[in-house]
Amino acid sequence: MDNTINEPYTAGREPGSAILGSSTTQDLTKIVSFMREDQDHIIFKRFERLNLYNLLCLQHRLTMVDKQIVLHEDSHDVHALARVLSTLEPLMKSYSKLSPDAQISYLNGCLR
């Protein structure tokens, strides 16, 4: 039996690269079985704290990129501007995956 789990891609790691020990896999199997049988008590960890950190980190990184863009626009340094702009797309894609409703939900859930 393959003990890998599917994970979203993270920098420097391939998807599915987390390896679980056999006891952890057995524990997960028991939890999954319980969750599938008891539809009234489905439990999902929302990772609100981690989502908030992720959101705030993305916003911080985008703010830094925005400041660099303004700096290079003002100095008319097109080569430096091009380098900064090349970092923008992946950040915007990550940020766009968090819908405004999701962003507000994360903030509201974590600020309670």
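No lab work stands behind these numbers, since they all come straight from the coordinates. The structure displayed is predicted, hence computed values, not measured ones. Reconstructed Cβ throughout: ideal geometry from the backbone, glycine too, with neighbour counts over all protein chains shown.
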Query - Extension gain, Ala80 back to Thr29 (0.36 nm per residue minus Cα-Cα distance, nm) - result: 13.2 nm
Report summary line: Between Tyr53 and Lys93, Cβ-based FRET efficiency (R0 25 Å, step 0.05) works out to 0.85
